[in-house]
Amino acid sequence: MTGRYLAFDVETPNRYNNRMSALAVSVVEGGVVAPVFASLIDPQCPFEPFHMALTGITPEKVAGKPTFPQVWQQIRPLMESGLLVAHNAPFDMSVLAKCLKAYGIVWQPQVSYACTCQITRRLLPQLSDHKLDTLCRYWQIDLAHHQADSDSRACGEILLRCLLEDAPIDSFIRTYDMHRVCTIPRRKA
């Protein structure tokens, strides 16, 4: 098992998914999952009741917290130090791309990523679904769902178990177009 993987999770304040209210990153490397970054973020936009109920993050909780550009300045080197991984990764990748775009931050035009939801669908077809909480129950991983720090650590733990099962991670790596905000379709051989 080689490589450095960055299991990340975002929480959003509303249905537009172009701002973050929380971001966390856990590093999976050398058979260990290490939470390395977690922050509430002032999204500088309105919150919707559904999102506040889901995440527990409110305007009061993010008052005085850093904005996304402040957080990005701090974590950009981390986000460039390995393969990005998320559970239901197209969602997290789209929020990241939209947030960068909303703030006018230029990053890499294309970013490689993998999705633990897709990997576990292939590895564990017998499960009724492959939601984060379902997989955490299956593998007895602690989870405080919809809290970015817990979700990113759980995603890292799930990835680690997939790696220990020799799941073919490379076949699940995709490329995300950060400008067009979409996964680039794979070319057929």
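Nothing in this text is a laboratory measurement; each read-out follows from the coordinates by a stated rule. All of these numbers come straight from a predicted model, not from anything done at the bench. Cβ placement follows ideal geometry from the backbone for every residue including glycine, while neighbour counts extend to all protein chains displayed.
Just one of the listed residues (65, 101) is more than 17 Å from the chain's Cα centre (by Cα), touching a residue at least 40 places away in the same chain (Cβ under 8 Å) and either surrounded by fewer than 22 Cβ atoms within 10 Å (Cβ to Cβ) or not in a strand (DSSP E or B) (or both), namely 101. Only one entry of 174, 121 meets the criterion of being surrounded by 13 or more Cβ atoms within 10 Å (Cβ to Cβ), free of Cβ contacts under 8 Å to residues at least 12 places away in the same chain, closer than 20 Å to residue 93 by Cβ and not hydrophobic (A, V, I, L, M, F, W, C), and that entry is 121.
Of all residues in segment 1-59, those being touching a His at 6+ places or on another chain (Cβ under 7 Å), part of a loop (DSSP other than H, G, I, E, B) and among the charged types (D, E, K, R) number 0.
Residues that are acidic (Asp, Glu) and either touching a Ser or Thr at 6+ places or on another chain (Cβ under 6 Å) or crowded, with 19+ Cβ neighbours inside 10 Å (or both) were ranked within segment 11-55; the one that is farthest from residue 160 (Cα to Cα) is 42.
Checking each residue in segment 68-98 for being surrounded by fewer than 20 Cβ atoms within 10 Å (Cβ to Cβ), touching a Phe, Trp or Tyr at 6+ places or on another chain (Cβ under 6 Å) and outside any helix (DSSP H, G or I) picks out 82, 83. The residues on offer are 155, 115, and the sole one that is in contact with a Pro (Cβ under 8 Å, 6 or more places away or on another chain) and crowded, with 21+ Cβ neighbours inside 10 Å is 115.
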